[in-house]
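Notes follow the structure.
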């Protein structure tokens, strides 16, 4: 069995504007779903997968999120401070280079919840990861098994597992879920300060090095109060 990454980046610096008024007084990552802060739905699986160092970027209500993470003792929690300005997902990873190192890492958004039968999702991701062939291995889910997504789909997948973005097509069958194993070195090499990881994905896709992993279960993006209520109903 592959040894998975021991380091993860959790993206938690967003403003959470669509989650207002819930985010008027606290960071989106601490909004509770079924009595549990959103960020824990990602952190708990990372810890269970053997991750020892979890880097979390912070911006809005950063002090609250830092205080919350300090009281967790199940991993080494490090803060990547973006109080000075948001850097988007790619810029956030690049900004945290000194904390993350050059080996493959997990990268996870902090506003996703899932229910998956069988083996844990991150275990499946680790077992499918191949750094020789891949720059990134992204969880992708057929649209019928998702909640809370408002886009026409992100990717097509070839039989060999490689992904192609929908481009000019009106829709695609798979949503990209914000969980992946990533070689961070192409991110660090980007000369920009603020940019999206999707730019890195698309460059890797052009080289045949962006892969997707389809997993069973129900996968939910919790982006606004209605989505939170829908997630709570499905988790109840």
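Only the coordinates and a few stated rules stand behind these numbers; no lab work does. If you're wondering where the values come from, they're calculated on a predicted model, not measured in any experiment. Reconstructed Cβ throughout: ideal geometry from the backbone, glycine too, with neighbour counts over all protein chains shown.
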Exercise. Top mean-square fluctuation among 80, 110, 196, Gaussian network model of the chain, C-alpha springs under 10 Å?
Worked result: 196
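Stretch residue 20-residue 64 to full length: gain in nm at 0.36 nm per residue minus the Cα-Cα span? Each step should come with its number before you reach the end.
Values: separation 44, 0.36 × 44 = 15.84 nm, distance 1.70 nm.
Computed gain between residue 20 and residue 64 is 14.1 nm.
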Exercise. By how many nm would the segment from residue 147 to residue 103 grow when fully extended, if each residue of separation counts as 0.36 nm and the alpha-carbon distance is taken off?
Worked result: 12.6 nm
For this session: Compute from the Cα atoms of segment 7-235 the Rg and the Dmax, the latter being the longest Cα-Cα distance, and quote both in angstrom.
Result: 16.6, 47
For this session: Could you grab the relative contact order for the chain? Cα pairs under 8 Å, six or more apart, rounded to a whole percent.
Result: 26 percent
Exercise. Looking only at 44, 224, 111, which one moves most when the chain is put into a Gaussian network model with springs between Cα atoms under 10 Å?
Worked result: 44
Problem set entry | Cα-based Rg / Dmax (Å) for segment 1-143 | 15.0, 45
For this session: Go ahead and estimate [θ] at 222 nm for the chain from helices alone: -39,500 (n - 2.57) per DSSP H run with n ≥ 4, summed, over the residue count, rounded to 500.
Result: -7500 deg cm²/dmol
Seminar exercise, completed: Listed with the fewest Cβ neighbours within 10 Å leading, 53, 116 appear as 116, 53
Exercise. What residue among 189, 203, 176 shows peak mean-square fluctuation when the chain is described by a Gaussian network model with Cα springs under 10 Å?
Worked result: 189
For this session: For an R0 of 41 angstrom, estimate the FRET efficiency from the Cβ-Cβ distance between residue 127 and residue 83 and round to the nearest 0.05.
Result: 0.65
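Please give the contour-minus-distance gain from residue 199 to residue 158: 0.36 nm per residue of separation, less the Cα-Cα distance, rounded to one decimal in nm.
My answer for the length gained is 12.8 nm.
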Seminar exercise, completed: antiparallel share of DSSP beta bridges within the chain, to nearest 5, in %, is 50 percent
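May I have the convex hull volume per residue, in Å³, for the Cα set of segment 33-104?
Here the figure is 107 Å³ per residue.
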